[in-house]
1. Could you list, in sequence order, the residues of region 99-132 that are touching a residue at least 24 places away in the same chain (Cβ under 8 Å), among the charged types (D, E, K, R) and not in a strand (DSSP E or B)?
2. Across region 38-69, what is the total count of residues that are polar (S, T, N, Q) and closer than 25 Å to L6 by Cβ?
3. Please state which one of L124, L117, L72 is of a type outside the set (S, T, Y), at pLDDT below 95 and in contact with a Ser or Thr (Cβ under 8 Å, 6 or more places away or on another chain).
4. At least 3 residues that are more than 16 Å from ligand 2 (Cβ to nearest atom) and under 19 Å from the mean Cα position of the chain (by Cα) in each: list the strands (runs of 3 or more DSSP E) lying fully within region 1-98 that qualify.
5. Against the condition surrounded by 24 or more Cβ atoms within 10 Å (Cβ to Cβ) and on the phi > 0 side of the Ramachandran plot, how does G98 come out, does it pass?
6. Give region 264-303 a look and list any residue that's at pLDDT 85 or above, in contact with a Lys or Arg (Cβ under 9 Å, 6 or more places away or on another chain) and of a type in the set (F, W, Y), or say none.
7. Can you go through H31, H73 and tell me which one is under 28 Å from F296 (Cα atoms) and either near ligand 1 (Cβ under 10 Å from one of its atoms) or not aliphatic (A, V, I, L, M) (or both)?
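The values are calculated or read from the model by the stated rules, or taken from the named source; none is laboratory data. Note that this is a predicted model, so its numbers are computed, not measured. All Cβ positions, glycine included, derive from the backbone under ideal geometry; neighbour counts span all protein chains shown.
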Amino acid sequence: MSTRILELLACPLCKASLRDGNPLVCEKCYHPFPIQDGIPVFLPEETWEDPTKRINRDHHDREAAQYDEMHLHIRREARLAKRILGQVPPGGRILDIGSGTGFVPKHFPHWEICCCLDISRGMLERLRDTIGRPNLYPVQGDAENLPFASDSMDIVTFAATLHHLPDPGRSLREAARVLKPGGKAIVIHEPHAVAPGRIHYLFLAARFKWHSLFPGKVGREAAHWARSLYPELPEEEAIRAMNRANLEANIQQGLHPQQLFDAPLRLDRFETYYSGRSFFDRIRSILFPAEGELFFAIAVKCR
Ligand SMILES: C[S@@+](CC[C@H](N)C(=O)[O-])C[C@H]1O[C@@H](n2cnc3c(N)ncnc32)[C@H](O)[C@@H]1O
Ligand SMILES: [Zn+2]
């Protein structure tokens, strides 16, 4: 493992530094972390205690090959991503959390080092095979227990990631920990929870997602899927985990930005926007111009 990247890594459990080798070994708690086919894996057993994380891993492993065709934001939000990330001076160290197939590194190639963290190995392999740029480091790990040293990153990005996590606030606190003071956390493509009256559910339902009418309640399809994947989980628990994973099969439940950006992150910029281009989306943007279905935000680490 190169010393440049080893210096940035840390034990996800106790945050101590790691001894080089395969496995990498924590210098304090001695937990081993294997490097598999060039990708370090920071997923101790405890990670899987929360079924939401297993669901996310398995869902995204399955989706990796078709992800770019299925997710239109990859094309629709390229200009927005370039505009936001273009404000970042080139040459820094970036950590992209929930990197997937690499939406962020694709649109912002001017890094010194870009660490791409994801819980899904399928996604990371796809990213590595499609973005062959130097200084891009895929790392398999959990957004809520980052395997990175404190005060080590200039930028941390989350593109379409926070709403999949059981505790997005915890992941933002971890982001704040690994950012250098003055470093920026950038959130793109987050479902927006502040919609007055949440009338947009009617529009989603009109696009044949009938279960969207019941936000917070998983649809029949999703419940079936959760049970088929995890037959050992009691039904109620599988459904709860599906809801918290907030995946495609379910309505994308919104997040309220104020609930996310606690100290020591100071919210600097916040904008809502519509990503869709269907007829209903256009009507929505005329009827509710300030509502948006999604938001992006930039926050600064204060100390
Ligand atoms: C909707 S995709 C977004 C991918 C990419 N950032 C983009 O904009 O296209 C969400 C990603 O978050 C990852 N993810 C979900 N839960 C995670 C966790 N606990 N830790 C790290 N990554 C996670 C998924 O595997 C998936 O690749
Ligand atoms: Zn440790």
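1. Correct list: K106, R121, E125, R126, R128.
2. The qualifying residues number 1.
3. L72
4. 93-97
5. Answer is yes for this residue.
6. Passing the criteria: only F296.
7. H73
For (1) among the acidic types (D, E); (2) farther than 20 Å from L162 by Cα; (3) without any contact (Cβ under 8 Å) to a residue 12 or more places away in the chain, each residue gets a yes or a no:
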site: L6; (1), (2), (3): no, yes, no
site: C26; (1), (2), (3): no, yes, no
site: R57; (1), (2), (3): no, no, no
site: A65; (1), (2), (3): no, yes, no
site: H73; (1), (2), (3): no, no, no
site: E77; (1), (2), (3): yes, no, no
